[in-house]
């Protein structure tokens with residue numbers, strides 16, 4: 001496989017559109033941070049992720065350009081076309097990085113160096129000579145080879161990769177895997193590749209198995225469980241021909257979501273898909289997009305934008321070397337149809353699994369079923385309990401809606417004076433129900449200012465039930481909260497009661513009007 | 001590298017290797033072994049009545065070891081009580097109000113979750129009961145209908161009930177609820193046909209479950 005890598009492509013594209021001179025130090029910014037910088041800027045100390053002020057401090061002549069992703073896609077389009085003229089079936093990962101299988105073309109060009117020459121002649125003048133080409137087995141090894149500008153002979157990719165650090169994998173979204181390997185003492189890809197494949201697959205699932213194959217330099221066709229069924233191909237028809245990219249992308253959004261969810265429903269995630277765009281006059285542009293990691297619907301929409309941006313508003317190729325621009329390249333009518341065709345899929349459950357236990361397949365199944373139930377019944381119908389801080393048992397149980405991130409409002413580990421000791425009542429009454437807690441005179445039990453029960457409780461009843469005798473009781477646990485704010489102040493007292501039937505209850509009395517307390521049932525020790 | 005390989009293979013988690021069911025029974029707490037000597041057998045229906053704490057204690061060991069337990073139509077349950085008895089809260093989803101979709105929700109969860117607990121509504125068609133039982137058997141889940149009031153579940157494999165209940169540690173205006181002694185009994189069909197019962201501390205002072213004889217009475221403070 002051959003990979004064409006244009007380093008710092010955002011800089012090259014921005015420079016092409018803004019016309020900055022070739023040898024000036026240039027940096028592209030998003031949200032005031034450096035996204036990419038030219039080699040000249042890097043040599044004086046500008047780095048990715050740096051803030052603008054610091055970058056300008058290090059390089060006072062720095063040319064500051066904003067990032068324009070549509071321009072990057074547009075400028076890369078002729079590069080892709082040029083590569084396609086040399087090798088068929090180009091797969092684009094993102095503007096700046098494209099790969100193609102080259103077993104046939106190598107024979108045609110009589111050797112790898114002949115192929116590289118041809119690619120260079122096609123592409124070099126388009127990218128202002130700022131591109132590198134590498135050949136190796138498998139797209140991962142080829143990308144590493146491109147960064148070094150090397151040709152790795154067939155079969156030697158494993159040796160080539162062996163000395164790379166495992167952190168190379170973190171760029172592909174395997175940060176947890178990398179962290180775990182480093183903690184286990186494995187620091188090179190060679191060491192990772194030496195682990196038995198079965199064990200790696202068992203521990204880390206399909207994603208880890210993919211990373212293991214890459215580290216071993218094997219051909220990276222992902223582990224395909226089955227061919228994606230034809231129903232996964234989604235076609236979008238636009239009512240009127242559209243030649244504005246953002247309108248097409250907007251209309252295709254829901255189709256992109258259907259595409260992804262259709263695959264997910266079969267337990268698949270797309271690693272490579274073809275996007276076919278058709279115009280009213282029958283012109284067609286088909287491009288393959290390869291995406292390491294999990295492909296989401298917004299990613300699909302991004303690729304629609306990149307492909308159409310390049311096609312509809314593609315830059316006319318400038319003069320000098322290479323072929324003249326073919327006027328037939330630009331479409332003559334608006335887009336009427338888009339088709340998403342999955343080409344390679346990997347099983348989902350490509351989530352990282354921890355070494356000791358972890359969600360695994362059972363968790364995936366449960367997640368999907370609970371999401372379905374929540375869709376059926378509505379948001380908030382499925383909840384997961386969590387422990388929260390607080391003084392009352394109701395406060396200490398938080399029900400988090402399924403799928404939402406749990407946000408802890410009160411720290412559970414703090415002392416919370418006034419809270420009842422364990423064991424906690426197993427059943428909570430939410431909201432608390434009115435109850436009758438009566439002393440021997442038949443009056444609601446009162447608690448004095450000093451926190452002492454004036455007359456002990458003799459009978460207890462919930463709602464309209466007849467009160468039953470109380471055989472033992474304990475308390476009171478007074479809680480006097482927010483006395484400084486009359487609006488939210490609360491003075492409550494809690495009692496534990498056991499009735500003649502042996503059942504235990506937790507009742508709470510509102511003492512804000514001490515002469516006329518109101519009692520509620522808060523929990524049952526069922 | 002050989003050490004890492006052996007480490008990886010020796011800590012194999014069977015749940016990630018084989019498809020469900022991974023093991024024919026789910027474990028239960030040792031205190032409950034006298035009434036459930038084989039644990040919770042997958043594909044069986046275990047009807048529980050009398051105590052929510054007993055229900056939580058039945059789920060505790062399985063949940064702690066990785067099983068997903070879903071509660072349908074149950075009253076609000078204290079997260080502290082569940083955690084104290086040993087349940088892993090992140091694997092305890094609850095659907096408190098299934099409404100009219102009770103049968104559909106329970107069916108969907110039986111397909112995907114290891115243990116489904118559901119409070120049985122007052123009126124349930126016999127056909128639905130039979131279909132759910134068949135689905136439970138074929139999917140290898142454990143179904144635990146929670147019976148309150150006059151509800152009944154005719155074809156349960158095991159019926160577990162809690163009776164009695166005397167709290168200790170609490171007096172007339174002093175002390176507090178510390179631990180409760182209850183009697184748990186089980187009968188049913190097949191291997192559970194012989195009635196068994198055992199006395200337990202449920203909950204203990206720390207919210208767990210213990211056999212009755214082993215723990216001395218805590219001093220009243």
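The values are calculated or read from the model by the stated rules, or taken from the named source; none is laboratory data. As the structure is a computational prediction, the values presented were derived from the model and not from experiment. Here the Cβ positions follow ideal geometry from the backbone for every residue, glycine too, while neighbour counts run over all protein chains shown.
Given A:220, A:199, which one is touching a helix residue (DSSP H, G or I) at 6+ places or on another chain (Cβ under 6 Å), at pLDDT below 75 and either more than 9 Å from chain B (Cβ to nearest Cβ) or surrounded by fewer than 24 Cβ atoms within 10 Å (Cβ to Cβ) (or both)?
Result: A:220 is the single residue among A:220, A:199 that is touching a helix residue (DSSP H, G or I) at 6+ places or on another chain (Cβ under 6 Å), at pLDDT below 75 and either more than 9 Å from chain B (Cβ to nearest Cβ) or surrounded by fewer than 24 Cβ atoms within 10 Å (Cβ to Cβ) (or both).
Please specify each residue of region A:460-487 satisfying the condition of being at positive phi and either part of a strand (DSSP E or B) or within 14 Å of chain B (Cβ to nearest Cβ) (or both). Break it down into steps so the answer makes sense when it comes.
Step one: list which residues in region A:460-487 are at positive phi, which gives A:463, A:475, A:482.
The answer is A:475, and nothing else.
Based on this model, can you work out whether residue A:20 counts as at pLDDT 85 or above and surrounded by 14 or more Cβ atoms within 10 Å (Cβ to Cβ)?
Taking the combined requirement at face value, the residue does not satisfy it.
So which residues in region B:186-201 are modelled with pLDDT of 90 or more and surrounded by 18 or more Cβ atoms within 10 Å (Cβ to Cβ), if there are any at all?
B:186, B:198, B:200, B:201
Return the total of residues in region B:63-97 being crowded, with 22+ Cβ neighbours inside 10 Å, within 7 Å of another protein chain (Cβ to nearest Cβ) and assigned to a loop (DSSP other than H, G, I, E, B).
Total satisfying the criteria: 4.
I'd like to know if region B:109-116 contains one or more residues that are surrounded by 24 or more Cβ atoms within 10 Å (Cβ to Cβ), over 20 Å from residue A:524 (Cα atoms) and in contact (Cβ under 8 Å) with a residue 60 or more places away in the chain.
Within region B:109-116, one or more residues are surrounded by 24 or more Cβ atoms within 10 Å (Cβ to Cβ), over 20 Å from residue A:524 (Cα atoms) and in contact (Cβ under 8 Å) with a residue 60 or more places away in the chain.
Pick out, from region A:293-408, the strands (runs of 3 or more DSSP E) lying fully within it that include 1 or more residues that are surrounded by fewer than 19 Cβ atoms within 10 Å (Cβ to Cβ), modelled with pLDDT under 65 and facing chain B (nearest Cβ under 9 Å). Even if it seems obvious, please write down each step before you answer.
Values: elements: A:335-347, A:383-387, A:397-401.
In region A:293-408, no matching strands (runs of 3 or more DSSP E) lie anywhere.
Determine which member of the set B:120, B:136, B:115 is more than 14 Å from chain A (Cβ to nearest Cβ) and in contact with a helix residue (DSSP H, G or I) (Cβ under 7 Å, 6 or more places away or on another chain).
B:136
Report, by residue number, each residue of region B:165-179 that is within 7 Å of another protein chain (Cβ to nearest Cβ), under 30 Å from the mean Cα position of the chain (by Cα) and crowded, with 17+ Cβ neighbours inside 10 Å. Full working, then the answer.
If we filter region B:165-179 for residues that are within 7 Å of another protein chain (Cβ to nearest Cβ), which is where we start, we get B:165-167, B:170-177.
Now restrict to residues that are under 30 Å from the mean Cα position of the chain (by Cα): B:165-167, B:170, B:176-177.
B:165, B:167, B:170, B:176, B:177, listed by residue number.
Inspect region A:158-172 for any residue being without any contact (Cβ under 8 Å) to a residue 24 or more places away in the chain and buried (at least 18 other Cβ atoms within 10 Å of the Cβ) and give the result as yes or no.
Checked against the condition, which is being without any contact (Cβ under 8 Å) to a residue 24 or more places away in the chain and buried (at least 18 other Cβ atoms within 10 Å of the Cβ), region A:158-172 yields no hits at all.
Any residue at all in region A:454-472 that's at pLDDT 90 or above and closer than 21 Å to residue A:419 by Cβ?
No, every residue in region A:454-472 fails to be at pLDDT 90 or above and closer than 21 Å to residue A:419 by Cβ.
Looking at this structure, is residue B:58 more than 9 Å from chain A (Cβ to nearest Cβ), buried (at least 22 other Cβ atoms within 10 Å of the Cβ) and assigned to a strand (DSSP E or B)?
When the stated conditions are applied, residue B:58 does not pass them.
Would you mind stating whether residue B:144 is more than 10 Å from every other protein chain (Cβ to nearest Cβ) and either free of Cβ contacts under 8 Å to residues at least 60 places away in the same chain or not in a helix (DSSP H, G or I) (or both)?
yes
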